[in-house]
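Reading through the structure tokens given below for one structure.
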């Protein structure tokens, strides 16, 4: 039965809809306010940012805080931003390659000890990284890798790959096996089948993996703090340090730093929302 | 079928399987080196007096005995659970409201979903800084709004005592994470057919009745799963308190992970830090067991 059959109830629904839109608009504004506040604070000049009453629309508009952020301490923050980008891209590249291969193998190929390895990988997803930092630090120190790029990339890859393998396996599972049989009969090897038949069909899963990895690595704090040292300090660690300085805090730098930190990931989110949400939701329901 | 042909076939199949296994080798190697070995080693290390300098010596379960008498550690565990117990209801009430508000086929509803989800993608570090600015005692916009509207007479130093900093951090987390739980609940809500609600409203059920008597029971398992995930996240809380309250004053807002971090990487007591990690692993293991159970049978 459609609601059109009952004019009174339909009327009530229309009114209900207006109420819902109104409530949504109010809540959406409230959700956006902290981000808006951070941005306008970051473009206020030194006098206005600390002014009382605070201004909702800045009278001054200046990029000085951003300029200061990127030139302070001989460009230390710029260096950290650069570290974050290099670490992020390296991790994405490594994780994408090894997880797509492994996901394909777990889905479509006969392997030695397949079940055992898959169980190990699923188990890894359940164990929180935080509880293994101490032995990991010891391992990395033994390998003389502490405070290096490989150290961080390997740790990120280790703790992100189980979920990515799982996701890629599911992606390949949806591609019918018949394709493989046909290709085998045509005399194609495992590699040919992978590159020519399956990979093109699995691209949405690959994009989800890339987005998930880029996001998780960019937003990390704990691994970077523990294993990056000063040599590979990331932007997140650098701006968090601003809040831990004992003397007067520079809110111009902290708000502009916040914007610089969230901008790349927000752009990625708005551009690839579908993949972002897919990655995060299946990440939760792992 | 003769034995001989079987062996030849098996030989070829075995060769192919060995070759195929190379596909998973990179993942396995890093998993064993940086997950499986540390996973075993964390228990091993917890049995030693193991510090940065000097040798380490076997002390059996002494680290564990120390942990269970360590006031700061027990307080940090207590605080972590207090945080989880406070933030979870706040988060879920808002998430439910949001999920119900966006579970409509109104044109443009996707924009609202995007906005509610946006804070989820911002790092915890950045969110902590954003709200630290809002909560700032001298120049913060919150104190300005509260004093100018006459709700408080003088500025509150939000981060200076646990009684105000804990709710303030929970409020920040609610803003940051509600969108995530909204999506989980929305997925569950969309699994309920429109006809169920139609039938209920024809039977004269009110909105609240429909929500508590029909909607909630039908998505119980999904809510359970979302709750466990959220609690696990809260138990692992670190940067929000490290950055916003620095664990203070005098460790009153120190979370368990923060204490473990300080023990291991500030004071370099690796053996003791490993024992604390083991306690954390057991707690999270129990929570993960519930998560696993709920995942196995998501409908009931």
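Read-outs throughout are calculated quantities, based only on the coordinates presented, and are distinct from any laboratory measurement. Bear in mind that the values here come from a model prediction, so they are computed numbers and not experimental data. Cβ coordinates were reconstructed from backbone atoms using ideal geometry, including for glycine residues, and neighbour counts include every protein chain displayed.
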Practice prompt. List B:242, A:115, B:17 from most exposed to least, where exposure is judged by having the fewest other Cβ atoms within 10 Å.
Written response: A:115, B:17, B:242
Discussion item. Among B:216-225, B:43-52, how do they line up by average Cβ neighbours within 10 Å per residue, starting with the highest?
Written reply: B:43-52, B:216-225
Worksheet item: Using Cα pairs under 8 angstrom and six or more residues apart, how large is the relative contact order of chain A, in percent?
Response: 27 percent
Worksheet item: How many nm separate the modelled label positions at residue B:216 and residue B:57, each set 7 Å beyond the Cα in the direction of the Cβ?
Response: 5.9 nm
Discussion item. Using a Debye calculation, one point per C-alpha and no hydration shell, please list log10 I(q)/I(0) for chain B at q = 0.06, 0.11, 0.14, 0.15 Å⁻¹ in order.
Written reply: -0.32, -0.89, -1.15, -1.22
Item to complete: Ignore the peptide's own chain and count Cβ atoms of other chains within 10 Å of each Cβ in A:205-212; give me the average, rounded.
Response: 0
Worksheet item: If you stretched the chain out fully between residue A:76 and residue A:56, how much longer would it get, using 0.36 nm times the residue separation minus the C-alpha to C-alpha distance?
Response: 4.1 nm
Response to the item:
Mean other chain Cβ within 10 Å across A:224-233 is 1
Discussion item. Over segment B:142-250, what is the relative contact order in percent, taking alpha-carbon pairs closer than 8 angstrom and at least six residues apart?
Written reply: 37 percent
Fill in: Mean separation of Cα contacts under 8 Å (6+ apart) over length of chain B, as relative contact order %
28 percent
Worksheet, complete the sentence: Taking every residue of A:253-259, the Cβ atoms of other protein chains inside 10 Å of its Cβ average out to 3
Discussion item. What number does segment A:73-284 give for Rg over Rh if you use C-alpha atoms and the Kirkwood radius?
Written reply: 1.04
Worksheet entry | Exposure proxy ranking, count of Cβ atoms within 10 Å, fewest first, for A:44, A:278, B:293 | B:293, A:278, A:44
Response to the item:
By Cβ neighbour count within 10 Å, fewest first, A:48, A:181 rank A:181, A:48
